[in-house]
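Worksheet: one structure, shown below.
The numbers here are math on the coordinates, done by the rules we state, and not lab data. Because the structure is a prediction, the values reported are computed rather than measured. Here the Cβ positions follow ideal geometry from the backbone for every residue, glycine too, while neighbour counts run over all protein chains shown.
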Amino acid sequence: MSNDTIDTDNGPVRDFVRDQIHEDLANGAVDSVVTRFPPEPNGYLHIGHAKSICLNFGIASEFGGHCNLRFDDTNPAKEDQEFIDAIQADVKWLDVGWDGEVRYASENFEQLYDWAEHLIGKGKAYVDDLSAGEMRDYRGTLTEPGKNSPYRDRKVDENLDLFRRMRAGEFEDGERVLRAKIDMAAGNINLRDPVLYRIVSAPHPRTGDAWCIYPTYDFAHGQTDAIEGITHSLCTLEFEDHRPLYDWLIENLPVPAQPRQYEFSRLNMTHTILSKRLLTQLVEEGHVSGWDDPRMPTVSGLRRRGVPASAVRDFIGRLAISKSEGTVEAAMMEHCIRDPLNDRALRRMAVLRPLKMVIENYPDGQVEELEVTNNPRDETAGTRMVPFCREIWVERDDFMEDAPKKFFRLSPGREVRLRSAYFVTCTDVIKNGAGEVTELRCTYDPETRGGASPDGRKVKGTLHWVSAAHAIDAEVRLYSPLFQDENPDAAEDFLSTFNPDSLEVLTDCKLEPMLADVTDGQVVQFERLGYFCTDPDGTADMPVFNRTVGLRDSFAKAMARG
RNA sequence: UGGGGCGUAGCCAAGUGGUAAGGCAACGGGUUUUGAUCCCGUGAUUCGCAGGUUCGAUCCCUGCCGCCCCAGCCA
């Protein structure tokens, strides 16, 4: 399974699902564990799906069992091959032990059809001619029982004939459905004669035009679980009400196994949405560049942003599985992203908002190669040589003309350290006609080469820099939360809280030469700024970097606090 | 006024009769050539509320309150 297992000082992961499995194994209810991850291919996977994936594949691995990736492809009107492909790529990337085998609910259409006839034969299912609207009226309400359909007592032979003609394509979409005959007065509305089959004349990505009737989720899911030998069918809380129907079908059909369904709460996160419908809307209306826009909470978006798969797994592992609904703070995931990157990412220097610095007492035309540590957390990462000369770029934010005492950076008369280079003191500030600072004039102390002071004097600030003569031009994209509200779902219109500054494009960035060697998929730390990776939009002439996540910034936090 | 769930610190949560784990966040302090990292320290007289049982209840009982889901021929 995954390279980093989720294991804390408290021992192995424990939750009510795993407790149930231990119990089932102990009392012989099951002798092996088989789970499944059953996405409907009607959208891309998001971090909420990752929770289910980590749970299902994680359990399979922990208990020496197996987990199937199964597409719940029972509604061709909404499903598409694009999603089938994308979902597989995402599951593979998550690296949770998927063996590459793919299952489809549609593989079982013939068996499911036979079972439908079986139910009809037992007098437990009937063909209903009621229209969708009429059926709604007959269903009753949350507080009032429903009424039996006038077609409820059709004879077995008539039902069989009608059902076969449904399959043969003799009727229009919506004209007839097959319903289970359970109880129109049930408090649980799912038991009020639920629809088992409906007519859908749309080509299916897998079965083409072989069928014009399709089983509903309820009729397909549990039976497919049984066919695949699933022992523990894990789903989210909204299916709790469906469990009695799940069990009813398993009991009334000659299925080869008796799978059991367990429900856990779905993941919610602050400042984003995890609803497939709303995410689809963001994509289709062009509020984001696509499903893999780095701001999206999709697996492909996280991947493009540079988030390591191990960080996603670690994040999910810290969540714990429960039945209580809650919203996890985005900060929790940010921590999980920084954690592995802090250990592994190579340090580099990049200036995002450049300000020219001229070191007046540094020899014109001289270039020095200075040795810089690649990762202070990892000695084996070694060092690199970085060119330094008279004119360099520094960060605009690192200069302030009238700086408060607590500002440990550049300001007229103040001395700071240029990382692994020299101490410099700001001597003059050059401005343009508009009064904007365009250049800093400084002097350096040759004795401080490498950044250490032989006389022991201290400086509070250490700045990153890039040699102007050697800099690589680049575009850098900064991302912040997609939504300003903590819970956009609660807003009357979720788009009203869409963050207009969620994407900030910086086109005049200056990178140290080594940054030309960053490979796709590699994440590096831009010192003092955050973690960054290359974006496929980049070209040889103009590389593009995405900010995966910023570094913690207690100074900015203190400033904001006042 | 039907059915199904859930309520433990700002957030995620463990604990299920013996006197409240852990993580994230926050806030102090130390180290530091990243205001990063790292290290140390600080939180619930209390477990939605009110009664009851008990020597003892977050855990058992009763009643209330709050929140979520269900009336697709979606999943």
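Annotation for A:ASP183 and A:ASN27: the two label points, set 7 Å from Cα along the Cα-Cβ direction, are 2.4 nm apart. Average 1/r across all pairs of distinct alpha carbons in chain A, invert it, and you get the Kirkwood radius: 27.6 Å. The alpha-carbon atoms of segment A:195-269 define a convex hull whose volume equals 131 cubic angstrom per residue. A Förster distance of 35 Å, applied to the separation of the beta-carbon atoms of A:HIS118 and A:GLU144, puts the FRET efficiency at 0.60. According to the square roots a ≥ b ≥ c of the eigenvalues of the Cα gyration tensor, what is the shape class of segment A:350-471, taking rounded for a/c under 1.5, prolate for a/b larger than b/c otherwise, and oblate for the remainder? Note, shape of segment A:350-471 comes out prolate. The amide H of A:VAL466, built 1.01 Å from its N in the peptide plane, has A:TRP393 as neighbours under 5 Å, considering only residues 5 or more places off or on other chains. The GluC sites (Glu not before Pro) of segment A:367-467 that DSSP puts in a loop, and whose beta carbon has at most 10 other beta carbons within 10 Å, are A:GLU436.
Helix A:217-228 axis versus longest C-alpha principal axis of chain A: approximately 80°, rounded to the nearest ten.
Projected label points at A:THR280 and A:ILE430, each 7 Å from Cα along the beta carbon direction, are separated by 5.8 nanometres. Can you tally the net charge around A:SER411? Count Lys and Arg as +1, Asp and Glu as -1, for every other residue whose Cβ sits under 9 Å from the Cβ of A:SER411. Result for the neighbourhood of A:SER411: 0.
Taking the convex hull of the alpha carbon positions in segment A:376-433 and averaging its projected area over all directions gives 5.9 nm². For the peptides A:142-151, A:331-340, the ranking by mean Cβ contacts within 10 Å, running from highest to lowest, is A:331-340, A:142-151. The charge dipole of chain A, taken about its Cα centre with unit charges on the Cβ atoms of Lys, Arg (+1), Asp and Glu (-1) only, comes to about 1300 debye. Rounded to the nearest 20 debye, the dipole magnitude of segment A:350-471 is 440 debye, with +1 charges on Lys and Arg beta carbons, -1 on Asp and Glu beta carbons, and the Cα centre as origin.
Using θ = phi - 60° in the Karplus curve 6.51 cos²θ - 1.76 cosθ + 1.60, the 3J(HN,Hα) couplings for segment A:302-314 round to 4, 4, 5, 6, x, 5, x, 4, 5, 5, 5, 5, 4 Hz; x is entered for Gly and Pro. Taking the square roots of five times each eigenvalue of the Cα gyration tensor of segment A:1-155, the equivalent ellipsoid has semi-axes of 38, 21, 17 Å, listed largest first.
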